Amino acid sequence: MSCSVFTTTARHSIYSALASLCLLASMPTVAQNLITLHANGNSAAVSLQYAEPVRLAQVVSDSLKLRTVTATPYWLGSSLTTTTEPATKSALIKQLTQLSQQHSDDVTISHSFANTAQWLQQQIKTQRLAVAIDIDKVRLNQTDNPLLTGNYQLQLANRPTSVTVIGAIKKPQQLDWQPRMAAKDYLAQVTPIDIAANSYVTVIQPDGVIQQHSIAYWNNNHADIAPGAIIYLGYQSLFHDYSGLNHDISSMLTNRTL
């Protein structure tokens with residue numbers, strides 16, 4: 001069916017109605033397939049609009065054409081997210097704030113909970129989707145090339161030069177990334193609080209994959225940490241069970257984007 005509008009007087013009303021129908025039919029599909037793109041890391045975003053559902057490979061390919069820096073994107077840290085915050089974020093922030101207040105008699109512990117809550121509030125803005133953003137993977141594997149319908153944000157990351165340590169320390173810190181440096185070596189550069197875990201840490205790699213890394217002398221086993229990773233040092237106490245809290249925080253950290 002054509003959407004052209006004729007000006008013949010006798011058919012003016014018919015074709016005007018037809019034109020309006022065609023316009024209304026096209027509007028929802030455009031609005032439902034909008035990709036907000038950060039092609040150069042955290043630079044200003046641009047919008048990609050598609051009139052129908054589109055494969056991830058097409059979006060990544062189109063995005064690469066808009067990238068102005070010469071370096072290849074840091075695929076491990078590139079991400080596709082929704083446009084809304086994770087549903088559990090507010091409850092987690094509230095829990096950490098309450099814990100900070102409950103430990104007001106110990107300033108260090110209180111500040112640790114409060115600073116973790118503040119970091120999550122500032123850094124976690126959207127829900128990250130469990131898809132790999134790598135032009136070779138999405139082109140070659142159908143399972144890595146989903147059909148996108150709706151509004152998303154695509155981040156083509158630049159390769160970072162740091163890792164972030166957060167959790168049972170006074171406040172989150174960024175440390176210089178070093179090749180082959182293990183989690184326990186990064187932790188040697190910060191000061192854990194009294195209720196910090198002392199056997200394992202949780203590492204959230206830049207692609208959102210969660211790993212457990214050993215940090216004690218008795219279970220030492222080297223595991224690499226990629227640039228842009230997060231090292232989460234869990235809370236541990238003889239008088240409190242923080243296992244649920246640690247799980248919730250590490251799960252929330254998978255939504256951080258570079």
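Compactness of segment 190-235 is given as radius of gyration and Dmax, 10.9, 31 Å, from Cα positions. In this view, the solvent-accessible surface of SER90, computed with a 1.4 Å probe and all protein chains in place, comes to about 80 Å².
For a label point 7 angstrom out from the Cα of PHE239 toward its Cβ, which stretches of segment 86-106 have the backbone nitrogen within less than 14 Å? Within reach of a label on PHE239: 102-106. Simple point charges give the picture: +1 on the Cβ of Lys and Arg, -1 on the Cβ of Asp and Glu, and for segment 84-147 a dipole about the Cα centre of about 220 debye. With respect to the chain, whose longest principal axis is taken over its alpha-carbon atoms, helix 89-102 is tilted by about 30°.
Taking all protein chains together, ILE210, ILE225 sort by accessible area into ILE210, ILE225, largest first [probe 1.4 Å].
To the nearest 0.05, how large is the calculated FRET efficiency for SER199 and GLN121 if R₀ is 25 Å and r is the Cβ-Cβ distance?
Details: r = 29 Å, r/R0 = 1.16.
Working from the Cβ atoms, E equals 0.30.
Report the FRET efficiency, 1/(1 + (r/R0)^6), for THR149 and THR84, where r is their Cβ-Cβ distance and R0 is 22 Å, rounded to 0.05.
Details: r = 16 Å, r/R0 = 0.71.
Once the sixth-power term is evaluated, E becomes 0.90.
Between the Cα long axis of helix 107-123 and the first principal axis of the chain there is an angle of about 20°, rounded to the nearest 10. Note on LYS65: lysines with a C-alpha under 22 Å away, same-chain residues under 8 apart excluded, are LYS137. Summing charges over neighbours of PRO227, with a neighbour being any other residue whose Cβ is under 11 Å away from its Cβ, gives -1 when K and R count +1 and D and E count -1. Modelled label positions at GLN102 and ASP224, each set 7 Å beyond Cα in the direction of Cβ, lie 4.1 nm from each other.
How high is the relative contact order of segment 92-172, in percent, with contacts defined as C-alpha pairs under 8 Å that are six or more residues apart? Before the final figure, lay out the partial values.
Values: 56 pairs, mean separation 28.6, N = 81.
Answer for segment 92-172 is 35 percent.
Computed over every Cα-Cα pair of segment 79-134 and binned at 5 Å starting from 0, the pair-distance distribution P(r) comes out as 4, 20, 22, 17, 14, 10, 7, 4, 2, 0 percent.
Packing order of peptides 189-199, 101-111, highest average first: 189-199, 101-111 (average count of other Cβ atoms within 10 Å over each peptide's residues).
Just to confirm, what accessible area per residue do you get for segment 123-238 at 1.4 Å probe, in whole Å²? Accessible area per residue: 51 Å². DSSP assigns beta bridges within the chain; of those with both partners inside it, close to 70 percent run antiparallel. Computed per residue of the chain from DSSP H runs no shorter than four, each worth -39500 (n - 2.57), the mean residue ellipticity at 222 nm is -10000 deg cm²/dmol.
Carbon and sulfur together cover what percent of the accessible area of the chain at a 1.4 Å probe radius? Before the final figure, lay out each step's value.
Working: 7350 of 14020 Å².
Roughly 52 percent, rounded to a whole number.
Angle of helix 243-253 to the longest C-alpha principal axis of the chain, folded into 0 to 90 degrees and rounded to 10: 40°. From the coordinates of this entry, Rg/Rh (Cα atoms, Kirkwood Rh) is computed, and it appears in [x] 0.97; [y] 1.06; [z] 1.13 under the label [z].
Evaluated with a Cβ-only charge set (Lys, Arg +1; Asp, Glu -1), segment 122-166 carries a dipole of roughly 120 debye about its Cα centre, given to the nearest 20.
Roughly how many debye, to the nearest 20, is the charge dipole of segment 143-251 about its Cα centre, given +1 on each Lys and Arg Cβ, -1 on each Asp and Glu Cβ, and no other charges? It would help to have the intermediate numbers written out before the result.
Values: 5 positive and 8 negative charges, 49 e Å.
Approximately 240 debye in magnitude.
Rounded to the nearest whole Å³, what is the per residue volume of the convex hull around the Cα atoms of segment 85-207?
Details: hull volume 17.6 nm³, N = 123.
So the per-residue hull volume is 143 Å³.
For the chain, the relative contact order comes to 21 percent (Cα pairs under 8 Å, sequence separation of at least 6).
The values are calculated or read from the model by the stated rules, or taken from the named source; none is laboratory data. Since we're looking at a predicted model, the values are computed, not measured. Every residue, glycine as well, gets a Cβ built from its backbone with ideal geometry; the counts of neighbours run over all protein chains shown. SASA here: full protein model, heavy atoms, side chains in, ligands and nucleic acids out. Shrake-Rupley method; radii C 1.70, N 1.55, O 1.52, S 1.80 Å.
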